[in-house]
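**Q** What follows is a structure written as structure tokens; I'll ask about it next.
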Amino acid sequence: MSVTSTDLRNVAIVGHNGTGKTSLMEQMLYYSGAIAKPETIESGKTTSDFTEEEIKKMISVHTSLAHVKWDEKHLNFLDTPGYAGFIGEAICGFRATEASIMMVDAKDGAQIETIKLWRRLDDRNKPRAVFINKMDSERADFTKVIDDLRDHFEATFVPTFIPMGQDTEFKGIINLIENKAYFYHDNNEKETIGEIPEEYKEIEEKYREQLIEYAAEGDDALIEKFFNDGTLDAHDIRQGLKLGLAANRVVPVFCGSTLKGSGIISLLNFIAHNFPKPLGHVEWITNEEGEREDMLISDEGDASAYVFKTTIDQYSGKLSYIKVGSGCIKEGETELTNPAINKKERINKLYRAVGKNLIETPFLSAGDIGVLAKSNICETNCSLLANPAKQNFRYKPLSLPDPIYALAISTNDKKSEDKLNDYLHKIAEEDLTFKTEFNKETKESIIRGMGDVHLQLILDTVCEKQKIKINTKLPKVAFRETITKKSGIVEYAHKKQSGGHGQYGKVLLEIYPIERGKQYEFVNAIKGGSISKGYIPGIEKGLHEKMEEGFLAGYPLVDIGIKLVDGKEHPVDSSEMAFKLAAKGALELALEKAKVTLLEPIMEVHVFVNNQHLGDVLSDLSSKRGRVSGQQKFGALQEVIADVPQSEMLNYAIDLKSMTSGTGSFELNFSHYDPLNGRAADLVIEDAKKANKE
């Protein structure tokens, strides 16, 4: 199946969990003839939720790709998860597409993840449309949801379909562009087109007038035609919406029921003929000088692509999902290089995907999305280039949030530990929001993710597939130590006589606080050569070792300036080792006089909650020694920005879920270190000394 760039449309399906993203994908596959019938989530047979964990949990965990053909156009759909814990997968969908469909529940309107995803689309200036789903559900209210969206977002929402009835009275949708009614039928029968029933003509005329006015604003020529004629025909309406959507000035609003298969034909028609095509869409890359440079997706020039997602399939092996940025990648002909590792390979097999099913294709044109199987040069975020002269160019990487939840993990034996580490490495290759590391300070193996659900799903999968037991606990906090005043000059001599050559080195130094975050400053103020230059590296090595060892509780010392004032050496007994030990001893003495204090890591947290939970969240942050620095209102949603000690945030993913009945969410980033004093500091020091003894 050969596809030209002008006939391509790439669309991410996004939204809060439970709004019907996977069901919409299923219906579009069914209507386009890609599958024989639409399956339900409960059946475990949907095209896009095909992994074991998705079938078992009945939620989307991974972004799934499906290619369909509709009215001579080729559509790539990316079905993304709606849970906050899997936001990295949704971002993959944003990265590979030119527009999105935001799924919204017909009774709940804008929910927490709706707002957060909307903001991410705003950050990317990504065109989008809204599909109000479940018009057949109890308490569905189209007008109320439109008003709710307008309250939450500064956008021009343009109803393009309206429902014929709602709740138990729902019969189908009216396509305002065509002035036609689309009636749904039970038993997976496809929609049928008919005339608009008399009882809906008045409301149809009201909404169509609004639609024409919005469409006219998409183009100066259309505005003039509207003023002259007082109306626009269907072709003009489509053109106005197409231009407005491409410029991200309008948000077309559709509606229907994915359970009933309602609204699907009109939606597919609109996507095929009015959503942005990839050609001309602005990407950006880094040039030889490391500067950002805009480029357009173009079928001209040498082939290039980037990898936006990686999966490890049990049968197909490593699958690399790519978006072609320029030229054309041809099976068996194109040779691509990954400049980051300076390796190249000939592309022998190219695939399209319909869920887990891979369909071989002879080429992928600019703007297309496809799959490379078992590639030795691909990894997520890498650029693939055919022109050796452009090897310094890089495509923009995925913009992923930092993990917000961490666990310390261990196993009962070395064999299990090796199996665990190997499997976690594979998961980290697939999921860039999952991190694994060994903390040298706390001597713990740490995993980090986007929430307790995210990490628990990973651990459950590892335990089940590897048949190992994993122990988990909250990780220790990596505190720091620093000084609060000058020490004055201190003197320390390292002497040791053991027959033959001894050891001798004498060091005079003083220490002083420096700017927070500067870490370390060393000044050699020796005059007259009392210590030879060859011993200075040994002195610095000793200072670094002592700083790593800490003073109060064994945490690394930071933000210290050290001035080497004087010293003395012996013509026979001095050595680099002697001066290293002398420097450590001198720094120990200086620290006793410089008032050492603990520093604790402070996190910047953004909490998203409904108005009804705001008081509880603010009170809880205050009890966690948090300092609120900002607050923003988005309709019924509040964003609270605060600085909170990391030690208080270790279990916040679970605390917030309990506090807000699962509706709240948050984002977390390291901010800075702050001094920790009083009883809290005493407890940290006691615990550290106890751990060291053990």
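**Q** Step by step: find N for the chain, compute 2.2 N^0.38 Å, then divide the Cα radius of gyration by it. What's the final number? Can you show the working numbers first?
**A** Values: Rg = 31.0 Å, N = 694, 2.2 N^0.38 = 26.4 Å.
In units of the globular-protein estimate, the chain measures up at 1.17.
**Q** Same structure again: Residue-wise, which Karplus ³J(HN,Hα) couplings in Hz belong to segment 555-566, taking 6.51 cos²θ - 1.76 cosθ + 1.60, θ = phi - 60°, and x for glycine or proline?
**A** So the J values, rounded to whole Hz, are 8, x, 8, 9, 6, 10, x, 10, 10, 7, 8, 6.
**Q** Let me ask you something else. What relative contact order, as a whole-number percentage, does segment 390-470 give when Cα pairs under 8 Å and 6 or more residues apart are counted?
**A** 36 percent
**Q** Separation of segment 133-200 and segment 582-606 by C-alpha centroid, Å?
**A** So the two Cα centres are separated by 64 Å.
**Q** Using r as the Cβ-Cβ distance of N669 and Q210, and R0 as 35 Å, what FRET efficiency do you calculate, to the nearest 0.05? Each step should come with its number before you reach the end.
**A** On the way: r = 42 Å, r/R0 = 1.19.
So, using R0 = 35 Å, E works out to roughly 0.25.
**Q** Please report the antiparallel percentage of the DSSP beta bridges confined to segment 485-594, to the nearest 5.
**A** Values: 15 of 20 bridges.
Percent antiparallel among DSSP bridges in segment 485-594 is about 75.
**Q** Quote the relative contact order of segment 1-118 in percent (integer), defining contacts as alpha-carbon pairs under 8 Å separated by 6+ residues.
**A** Reported relative contact order: 36 percent.
**Q** Per-residue HN-Hα couplings for segment 601-617, Karplus 6.51 cos²θ - 1.76 cosθ + 1.60 at θ = phi - 60°, whole Hz, x for Gly and Pro?
**A** x, 10, 9, 8, 10, 10, 9, 10, 9, 6, 3, 5, 9, 4, x, 4, 5
**Q** Which translational diffusion coefficient, to the nearest whole µm²/s, is obtained for segment 217-345 from the Stokes-Einstein equation, given a Kirkwood hydrodynamic radius over C-alpha pairs, 4 °C and 1.567 mPa s?
**A** 68 µm²/s
**Q** Taking neighbour Cβ counts within 10 Å as the exposure measure, how do L509, L432 sort from fewest upward?
**A** L432, L509
**Q** While we're on this one: Quick check: convex hull of the Cα atoms in segment 330-453, volume per residue, rounded to a whole Å³? Don't jump to the answer; show the numbers that get you there.
**A** On the way: hull volume 21.5 nm³, N = 124.
Given the Cα convex hull of segment 330-453, per-residue volume reads 174 Å³.
**Q** Scan segment 358-445 for GluC sites (Glu not before Pro) in coil per DSSP, keeping those whose Cβ has at most 15 other Cβ atoms within 10 Å, and list them by number.
**A** E379, E441
**Q** When T663, T19, T310 are ordered from fewest to most other Cβ atoms inside 10 Å of their Cβ, what list results?
**A** T663, T310, T19
**Q** Using a simple charge model, +1 on the beta-carbon of Lys and Arg, -1 on the beta-carbon of Asp and Glu, nothing else, what dipole does segment 7-274 show about its Cα centre, in debye to the nearest 20?
**A** Details: 31 positive and 46 negative charges, 175 e Å.
Dipole of segment 7-274, to the nearest 20 debye: 840 debye.
**Q** What are the residues whose amide H is under 5 Å from the amide H of V354, where those residues sit 5 or more places off or on another chain and H is modelled from the backbone?
**A** H67, I359
**Q** Further question: Given N residues in segment 407-471, what is Rg(Cα) / (2.2 N^0.38 Å)? Numbers along the way, then the final one.
**A** Values: Rg = 11.1 Å, N = 65, 2.2 N^0.38 = 10.7 Å.
Computed over Cα atoms of segment 407-471, the ratio equals 1.03.
**Q** Across all directions of projection, what mean area in square nanometres is found for the Cα convex hull of segment 146-263?
**A** So the mean shadow area of the Cα hull is 8.2 nm².
**Q** Calculated from DSSP H runs of 4 or more alone, at -39500 (n - 2.57) each and per residue, what is the 222 nm mean residue ellipticity of the chain, nearest 500?
**A** -9000 deg cm²/dmol
**Q** With an 8 Å Cα cut-off and a minimum separation of 6 or more residues, compute the relative contact order for the chain in percent.
**A** Across the chain, relative contact order equals 10 percent.
**Q** Going by how many other Cβ atoms sit within 10 Å of their own, how do M649, M659, M58 line up, fewest first?
**A** The most exposed by this proxy come first: M58, M659, M649.
**Q** Only Lys, Arg, Asp and Glu count, each charged at its Cβ (+1, +1, -1, -1), so figure out the dipole size of the chain about its Cα centre, rounded to 20 debye.
**A** Rounded to the nearest 20 debye, it is 3000 debye.
**Q** What is the distance in Å between the Cα centres of segment 513-580 and segment 448-476?
**A** 43 Å
**Q** Tell me which residues come under 5 Å, amide H to amide H, from G325 once H is placed; ignore anything under 5 positions away on its chain.
**A** S304, A305, Y306, G367
**Q** Can you give the FRET efficiency for E345 and Y520, using 1/(1 + (r/R0)^6), R0 = 30 Å, r = Cβ-Cβ distance, to the nearest 0.05?
**A** 0.10
**Q** Roughly what % antiparallel, to the nearest 5, for the DSSP beta bridges in the chain? Mind showing how you got there, number by number?
**A** Details: 117 of 147 bridges.
Roughly 80 percent of the DSSP beta bridges within the chain come out antiparallel.
**Q** Mind listing which GluC sites (Glu not before Pro) in segment 67-134 are in a DSSP loop and have 13 or fewer other Cβ atoms within 10 Å? Working shown, then result.
**A** On the way: sites: E72, E89, E98, E113; in loops: E72, E98.
Loop-located and lightly packed - E72.
**Q** For a quick check: with amide H placed at 1.01 Å from N, whose amide H comes under 5 Å from S375's, ignoring anything fewer than 5 positions away on the same chain?
**A** S320
**Q** Once label points are set 7 Å from the Cα along Cα→Cβ at both R679 and C463, what is their separation, rounded to one decimal in nm?
**A** Result for the modelled spin labels: 3.6 nm.
**Q** What pairs in K467/K657; K56/K356; K318/K343 have C-alpha atoms more than 20 Å from each other?
**A** On the way: K467/K657 30 Å; K56/K356 17 Å; K318/K343 17 Å.
Correct reply: K467/K657.
**Q** Which part of segment 622-658 falls in the paramagnetic zone of D123, meaning amide N under 15 Å from the point 7 Å along Cα-to-beta-carbon?
**A** Within reach of a label on D123, which here means backbone N under 15 Å from a point 7 Å along Cα→Cβ, segment 622-658 contributes nothing.
**Q** Another question, then. Any idea what % of Cα-Cα pairs in segment 282-395 are farther than 18 Å?
**A** The share of Cα pairs beyond 18 Å in segment 282-395 comes to 45 percent.
**Q** Could you give the size of the charge dipole of segment 25-94 about its Cα centre, using +1 on the Cβ of each K and R and -1 on the Cβ of each D and E, expressed in debye and rounded to the nearest 20? Don't jump to the answer; show the numbers that get you there.
**A** Working: 6 positive and 11 negative charges, 20 e Å.
My answer is approximately 100 debye.
**Q** From the backbone phi of segment 246-263, what are the Karplus-calculated ³J(HN,Hα) couplings (6.51 cos²θ - 1.76 cosθ + 1.60, θ = phi - 60°) in whole Hz, Gly and Pro given as x?
**A** Listing the rounded values in order: 4, 8, 6, 9, 10, 10, x, 10, 10, 8, x, 9, 6, 5, 8, x, 9, x Hz.
Coordinate-derived values only; no laboratory data. Note that this is a predicted model, so its numbers are computed, not measured. Cβ: placed from backbone, ideal geometry, glycine included. Neighbour counts: every protein chain shown.
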